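Everything below concerns the one structure shown next.
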Amino acid sequence: MCKRIFRTLLTFALTLAAMLAAYAAISGMWLFGVPNAKNVVEVTITSTEHPAETIVSSDAECIERTVKLTGFLKYRLFTAAQEDDAPIVTIVWTLRDGSVCEISASRETVWWRGRALPLKDEAFFINLADGIFFNEQ
């Protein structure tokens, strides 16, 4: 009886892992380790397309927006990023413990934790960041 339950659970776990892997391969992989908005005291947002506008904010709503915006940074698995690409938008979070967490993206690439990763939805993140942070009047 115990062996049967274990075998069923193992089958379920392997099926679930295969489904998650297939979903990530098709839809893109999420970035892990993005800070929780509650742990952020300040955010700085810069864009090379808007060099005169640097946003520095400790507003909870602005911080929450930047954290949620990173949810659109899904990357392609098993693909190399372009080597000659340069960041357009950079978000720097200052955390409560004094440490800093940074993420940068171009239209095709995201830089996270020292790695360049190819974006699944090219230009989508840049367009959203421009619309949310740099085109507000």
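The values are calculated or read from the model by the stated rules, or taken from the named source; none is laboratory data. Quick caveat: nothing in here was measured; it's all calculated off a predicted structure. Positions of Cβ are generated from backbone atoms using ideal geometry, with glycine treated the same way; all protein chains shown enter the neighbour counts. The protein model used for the area step is the full one, side chains on, heavy atoms only, and it has no ligands, DNA or RNA in it. Shrake-Rupley method; radii C 1.70, N 1.55, O 1.52, S 1.80 Å.
Brief remarks follow.
- Computed over protein heavy atoms with a 1.4 Å probe, the accessible surface of the chain works out to 63 Å² per residue.
- Here the Kirkwood formula, the inverse mean of 1/r across different C-alpha pairs, assigns the chain a hydrodynamic radius of 16.7 Å.
- To put it simply, the accessible area of the stretch 1-126 at a 1.4 Å probe is 60 percent carbon and sulfur.
- Helix-derived mean residue ellipticity, 222 nm - over the chain, DSSP H n ≥ 4, -39500 (n - 2.57), to 500: -10000 deg cm²/dmol
- Cα-based helix-to-principal-axis angle, 60-69 vs the chain, degrees rounded to 10: 50
- All lysines inside 26 Å of LYS120 as judged from Cα atoms, apart from same-chain residues fewer than 8 positions distant: LYS68, LYS74
- Rounded to the nearest 20 debye, the dipole magnitude of the chain is 1280 debye, with +1 charges on Lys and Arg beta carbons, -1 on Asp and Glu beta carbons, and the Cα centre as origin.
- Scanning the chain for chymotrypsin sites (Phe, Trp or Tyr not before Pro) lying in DSSP loops with no more than 15 further Cβ atoms inside 10 Å, the longest uninterrupted stretch between such sites is 79-137.
- Between amide H atoms placed 1.01 Å from N, distances below 5 Å from TRP112 occur with LEU117, all of them 5 or more places distant or on a separate chain.
- Long-range HN-HN contacts of ILE88 with modeled amide H, under 5 Å: ALA105, SER106
- Low-density loop positions, GluC sites (Glu not before Pro), the stretch 53-137 - DSSP coil, at most 10 other Cβ in 10 Å: GLU83, GLU136
- Normalised per residue, the volume of the convex hull around the Cα set of the stretch 86-136 (Å³): 85
- Among THR11, THR54, THR90, the largest mean-square fluctuation in a Gaussian network model of the chain, built with springs joining Cα atoms closer than 10 Å, belongs to THR11.
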